[in-house]
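Novice: There's a structure below that I have some questions on.
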Amino acid sequence: MESGMISNESLSASSSYDQSVSPLSSRIRTEIKGGAWCPNGLISPKSRQFLEIDLRDEYLITGTESQGRFANSVGVEFVESYSVEYWRTALNRWVKYKDFNGSRVKMDLTPVPVQSVHPSVNAECPFSLFLNIA
């Protein structure tokens, strides 16, 4: 994502607050437009907002990274946790990422925003389901 190898056309989301915080603004370590992807409406554990990244081919996913929105000091916002789902063509469905014990994993962003994915997963189109667990 950061390098631009994933095209803008490969980025989509369940919603966006407005064009300045669309999925095109979701690349890490950038201040493009609003500085982040922000879904429309408040986030809650019951909402199902997601950012989808279509990799166009199968890749081994070994980690995720996220950052908050700074927006030139206007909006200091961040998601506290999220979970990952990925597409499995053979199953023709989304699979919720689970750890070695078969437990669903919630990516906790306190204190480190880089999360390893153990076990790694082969996926074509992972997406992050963002939940506000405040």
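Just so it is clear, none of the values below were taken in a lab; they were calculated from the coordinates. On a predicted model such as this, the values are computed, not experimentally measured, just so you know. Here the Cβ positions follow ideal geometry from the backbone for every residue, glycine too, while neighbour counts run over all protein chains shown.
Novice: May I ask you to sort 52, 31, 9 by Cβ crowding, counting other Cβ atoms within 10 Å and putting the fewest first?
Specialist: 9, 31, 52
Novice: For a footprinting-style exposure proxy, rank 50, 78, 100 by other Cβ within 10 Å, fewest first.
Specialist: If I rank by nearby Cβ atoms, fewest first, I get 100, 78, 50.
Novice: Using the 10 angstrom Cβ neighbour count as an exposure proxy, how do 37, 87 rank, fewest first?
Specialist: The most exposed by this proxy come first: 87, 37.
Novice: Here's another thing I want to ask about it. With every atom except the alpha carbons ignored, what do you get for Rg and Dmax of the range 1-95, in angstroms?
Specialist: When restricted to the Cα atoms of the range 1-95, Rg and Dmax are 13.8, 45 Å.
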